[in-house]
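The values are calculated or read from the model by the stated rules, or taken from the named source; none is laboratory data. This structure is a prediction, so every number in the text was calculated from the model and none was measured. FYI the Cβ positions are ideal-geometry reconstructions off the backbone, even for glycines, and counts take in every protein chain you see. The protein model used for the area step is the full one, side chains on, heavy atoms only, and it has no ligands, DNA or RNA in it. Shrake-Rupley method; radii C 1.70, N 1.55, O 1.52, S 1.80 Å.
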Amino acid sequence: MDFTGELHGRLVLPHDPDWHTARMAWQLAVDQQPAAVVYAASAQDVSATVLAALQMGLRVAPQGTGHNAAPLGPLNRTILLRTDRLGEISVNPLTGIARVGAGVRWIQLTDAASKYGLMALAGSAADVGVVGYTLGGGVSWFARSHGLASNHVVAAEVVLADGTLVRADADNHPDLFWALRGGGGIAGIVTALEFRLFPMTEVQAGLLAWPIERAPAVLSSWRRWVDDVPDQVTSVGRMLRLPPLPDLPEPLRGRSLVAIEAVCDLPVPQAEALLAPLRALAPELDTFGTTAVSDLHLLHMDPPYPVPAAGDGMLLSGLPSGALAAFLGMTGAGRDLPLLSVELRHLGGALRPGAASGGAVDGFDAEFALFAAGITPDAPSAVATHAALDELRMAMSPWEAATGYRNFAERSRGRFDAPEVEARLRAVKAAYDPGDLIHANHPVPVSRGNGGPVPAPGR
Ligand SMILES: Cc1cc2nc3c(=O)[nH]c(=O)nc-3n(C[C@H](O)[C@H](O)[C@H](O)COP(=O)(O)OP(=O)(O)OC[C@H]3O[C@@H](n4cnc5c(N)ncnc54)[C@H](O)[C@@H]3O)c2cc1C
């Protein structure tokens with residue numbers, strides 16, 4: 001294989017000295033073994049890679065960071081297309097629209113947007129890829145007030161499975177544009193994305209934490225609390241078993257805690273009044289206060305560097321007392337659990353289906369998102385973590401919603417969408433990538449469903 005003459009970026013093959021670095025995902029526990037790695041430096045490089053793959057009978061897996069690499073599998077007969085070098089960022093303060101290349105990470109955009117007093121719908125982690133996150137939906141700290149990040153996309157530039165570069169928006173390739181907003185990267189390789197930003201510089205945000213033994217009282221109070229909070233409040237209830245890592249703040253290092261994290265886009269007095277019932281539970285740690293939007297990536301304490309880990313999640317239709325008891329039974333103080341974090345994110349508000357417009361996923365018919373993860377530096381810890389994830393899923397399955405969330409699924413999962421959405425996604429895949437060239441982490445089958453006709457690309 002050699003198409004280096006056509007590339008602005010680089011082709012890395014298994015005999016190259018940096019092969020192991022090139023094939024590595026952010027999730028270090030994932031052992032990717034592609035046929036080749038291409039570092040694309042331009043949209044033309046993406047086209048050249050697609051054409052080379054077509055010629056050689058290979059597939060192409062685009063990857064921004066590899067945060068959700070686990071479901072891809074081993075990548076046999078696949079070129080891993082790394083988009084890290086597609087680093088374009090522009091923010092238009094007049095229109096409030098950002099344009100980012102496929103390799104941009106959230107921290108880069110939140111920093112760029114904050115210079116103009118604008119906020120981006122970033123998730124909890126600084127180094128997650130903007131494009132991968134947004135294609136899967138994107139639950140930010142403003143999810144209950146602004147909906148999914150994907151619902152605010154206005155255009156995407158996409159290399160199709162025949163190597164052509166197109167612009168997908170409301171008027172051009174509308175079915176592809178629909179699929180890209182929440183349906184994942186199933187039918188094209190995005191080289192750049194354009195989406196709305198929002199004027200906001202500061203919020204009331206922070207973490208309240210208690211020893212894990214207090215979890216039953218804390219989480220049942222939080223559960224009642226979320227019923228009454230306005231949509232401007234997005235919060236997370238969390239069980240943490242933190243390792244004694246030096247980069248964790250001293251009061252958290254090596255501790256097992258129950259925590260509530262919240263972001264309130266409300267005036268100080270209103271936020272303080274809302275918090276009062278949680279503060280009445282006398283948290284050991286209270287970091288709540290006025291916070292720059294550009295600092296919110298610190299709130300959830302996600303690892304700022306690649307880690308060997310395994311995680312998984314599901315949507316919950318509700319969290320009645322039986323569900324909370326099952327959650328506490330699985331994750332409470334009495335358990336020796338290999339899961340560093342098990343969290344419940346409060347949904348609802350602008351995440352209710354139909355509250356936002358457009359896209360394959362325009363919200364969730366679910367009240368909470370569950371996500372759990374453990375660190376897996378070796379085989380025994382991986383086995384223990386996967387067993388705990390299975391047990392947690394089983395325990396919470398009576399409350400599992402009918403649909404799922406791609407971004408929180410780190411192990412292969414068959415179904416995420418309502419049948420009519422799935423059928424339309426299959427039709428888009430069949431029209432845009434009938435040969436199944438694009439290897440997405442959460443694929444849809446190529447076979448045509450009954451989602452209605454989707455014209456072939458270019459027609
Ligand atoms: C620590 C951590 C914190 C997280 N926090 C949040 C959060 O707060 N909210 C939330 O919603 N999610 C969150 N996630 C989930 C995250 O959004 C998903 O893992 C997402 O898929 C990551 O995108 P990526 O580009 O970084 O990862 P990658 O693994 O590189 O990409 C995932 C998939 O996206 C597709 N893709 C990526 N780039 C392209 C492209 N250019 N063209 C076409 N398809 C493409 C591919 O199918 C790829 O397999 C978190 C994950 C982790 C590990």
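The table below lists the values:
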quantity	calculated
Checking L180 against (1) free of Cβ contacts under 8 Å to residues at least 24 places away in the same chain; (2) under 28 Å from P306 (Cα atoms); (3) crowded, with 24+ Cβ neighbours inside 10 Å, the condition it does not meet	(1)
Those residues of the stretch 2-43 which are over 26 Å from the mean Cα position of the chain (by Cα), in contact (Cβ under 8 Å) with a residue 40 or more places away in the chain and open to solvent by 30 Å² or more (accessible area, probe 1.4 Å), in sequence order	E6, A35
Flag if L389 is out of contact with any Gly (no Cβ under 6 Å at 6 or more places or on another chain), under 30 Å from A22 (Cα atoms) and modelled with pLDDT under 95	no
Sole exception among (1) within 16 Å of the ligand (Cβ to nearest atom); (2) closer than 26 Å to V158 by Cβ; (3) open to solvent by 20 Å² or more (accessible area, probe 1.4 Å) for V50, by number	(3)
Pair list, Cβ under 7 Å, 6 or more apart: the stretch 208-224 residue farther than 11 Å from L324 by Cβ, other residue among the acidic types (D, E)	L208/D286; A209/E284; W210/E284; P211/E284
Entirely in the stretch 116-220, the helices (runs of 4 or more DSSP H) that have 1 or more residues that are within 13 Å of the chain's Cα centre (by Cα)	130-135, 143-146
Scan of the stretch 338-359 for residues that are charged (D, E, K, R) and within 16 Å of the ligand (Cβ to nearest atom), ordered by number	E343, R345
Checklist (1) within 12 Å of the ligand (Cβ to nearest atom); (2) open to solvent by less than 10 Å² (accessible area, probe 1.4 Å); (3) not basic (K, R) applied to W210, failing item	(1)
Some residue of the stretch 131-152 being crowded, with 24+ Cβ neighbours inside 10 Å, farther than 21 Å from L347 by Cα and near the ligand (Cβ under 9 Å from one of its atoms)	yes
Failed item in (1) open to solvent by 70 Å² or more (accessible area, probe 1.4 Å); (2) closer than 20 Å to D390 by Cβ; (3) within 15 Å of the ligand (Cβ to nearest atom), with R335 passing the rest	(3)
Residue in the stretch 173-195 that is within 22 Å of F364 (Cβ to Cβ), within 11 Å of the ligand (Cβ to nearest atom) and among the polar types (S, T, N, Q) present	no
Failed item in (1) among the acidic types (D, E); (2) in contact with a helix residue (DSSP H, G or I) (Cβ under 8 Å, 6 or more places away or on another chain); (3) buried (at least 16 other Cβ atoms within 10 Å of the Cβ), with D84 passing the rest	(2)
